[in-house]
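Quick notes on the structure that follows.
The values are calculated or read from the model by the stated rules, or taken from the named source; none is laboratory data. For clarity, every value in this text was computed on a predicted model and none was experimentally measured. No Cβ is skipped: glycine too gets one built from the backbone with ideal geometry, and neighbour counts run over all protein chains shown. For the accessible areas, the whole protein counts, side chains as well, though only heavy atoms, and no ligand, DNA or RNA atoms are used. Shrake-Rupley method; radii C 1.70, N 1.55, O 1.52, S 1.80 Å.
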Amino acid sequence: MSDRVGLVVCPEARMYDHGPQHPLRPDRVLLTWDLISAYGIDRCSNVERLSSQAAADDDIALVHTPEFIEATKRAGHGESRDWRRFGYGPGDNPIFDRMHEAAALVVGASITAAQVVWEGRADHTFSAAGGLHHAMPSRASGFCVYDDPAVAIAWLLQHGAERIAYVDVDVHHGDGPQFIFYDDPRVLTISIHQYAPWFFPGTGGLTERGGPHAMGGAVNLPLPPGTGDDAWLAAFRSVVPPLVRRFGPDVLVTQLGCDTHATDPLAQMELTTRAYREVAKEIHDLAHTAAGGRWIATGGGGYQWARVVPRAWTIHFAEMADADPPDALPATWIEEAEERLGSTVPASLSEPHLGAGEGDAEAAEVAAAVREWTGL
Ligand SMILES: [Zn+2]
Ligand SMILES: [Zn+2]
């Protein structure tokens, strides 16, 4: 029998919108739900569509300061002030209308994903709108207003979870959850990301390993630009499953950013959808062997919003639901995506293999260094 799976769908989250020039377009999530639905995966007998509501201030405050929440409300309601100390301003985090309300919807979606799994109503859940992993307790950062994965983890701890593993495969370091739980021995954070001195957010090096009460509770795989599918997967496989198994979490929380794709405009990794298919299997297997099947997934980065993100997250969700969609994308979806993009999109989930990347040898060295310091 297949596992029970929940797909959190909150169309109102489209209001999380920094404007037409900003790379984090709401369409990336909307087209993902559309593709999952065009394939009929959300109508499988083991899959349930879940609605969600905006998170309450008290839940957001599990991670964020009252001053920051208040500033986010005021800035998003047009109060003119210098909001820069909260991270808001021109650039990555422009102020937009009803910013608090929009971000609270995203947090609410990820809390629902956590709650449904924790209460045993589903084995796995996916909150595609979530994964805003750069927000800090008192500051917006990297397109992220509130840190929904961190709030979901804090919510689980508040409701009785004792050990949580957070695995972040976004191309950027999962700095928010790492920072927030850095000295908390109940939370293991593992992030595999592109790393170079000039690459956002600049953290996530090998020497960041957890605070004095949680040494080894933060693990980073800082890979060089130009890492390809095989080296990325080898690094993931050699480090993530054994560490999560050793930790023995009650729940596995994952951030599934797909800005690792070779065509992503904001990063320089060389992954294809083949890596997403493989890592989805790894994570799914890990959830069952190490976390009693309890797996909560969020979306994350990914800036090929029509060409890559919907396919990447459909691959992940199909794995979660034990569905096997045909490789050819539904024609109705292609038509819709091309109309919104104003250009062509790929016609299949799979992609040609790109071969070795120029960062592969160094990626293997990084993975070996992590295995060494973690005692694997
Ligand atoms: Zn399963
Ligand atoms: Zn990212």
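Just a few scattered comments:
- One residue stands out among those in the stretch 286-303 that are on the phi < 0 side of the Ramachandran plot, under 18 Å from the mean Cα position of the chain (by Cα) and not in a strand (DSSP E or B): the one that is surrounded by the fewest Cβ atoms within 10 Å (Cβ to Cβ), which is Leu286.
- Restricting attention to the stretch 1-19, the residues that are aliphatic (A, V, I, L, M), assigned to a loop (DSSP other than H, G, I, E, B) and within 16 Å of ligand 1 (Cβ to nearest atom) add up to 1.
- Residue in the stretch 155-201 that is farthest from ligand 1 (Cβ to nearest atom), counting only those that are farther than 18 Å from Gly302 by Cα and in contact with a His (Cβ under 8 Å, 6 or more places away or on another chain): Asp183
- Any chance Ala337 is touching a residue at least 60 places away in the same chain (Cβ under 8 Å) and either assigned to a loop (DSSP other than H, G, I, E, B) or closer than 30 Å to Gly160 by Cα (or both): no
- Checking each residue in the stretch 75-97 for being outside any loop (DSSP other than H, G, I, E, B) and either within 17 Å of Leu24 (Cβ to Cβ) or in contact with a Gly (Cβ under 9 Å, 6 or more places away or on another chain) (or both) picks out only Gly76.
- Residue in the stretch 190-208 that is without any contact (Cβ under 8 Å) to a residue 24 or more places away in the chain and in contact with a Pro (Cβ under 8 Å, 6 or more places away or on another chain) present: yes
- Test: Gly142 is more than 16 Å from ligand 1 (Cβ to nearest atom), buried (at least 24 other Cβ atoms within 10 Å of the Cβ) and not β-branched (Val, Ile, Thr): no
- Neighbours by Cβ (under 7 Å, 6+ apart or cross-chain): first from the stretch 265-278, part of a loop (DSSP other than H, G, I, E, B); second of a type in the set (Val, Ile, Thr): Ala267/Val171; Ala267/Thr260; Met269/Val171; Met269/Thr227; Met269/Thr260
- Residue within the stretch 304-320 that is surrounded by 20 or more Cβ atoms within 10 Å (Cβ to Cβ), in contact with a strand residue (DSSP E or B) (Cβ under 8 Å, 6 or more places away or on another chain) and of a type in the set (Val, Ile, Thr) present: yes
- Among the residues of the stretch 189-207, those that are more than 16 Å from ligand 2 (Cβ to nearest atom) and open to solvent by 10 Å² or more (accessible area, probe 1.4 Å) comprise Pro197, Leu206, Thr207.
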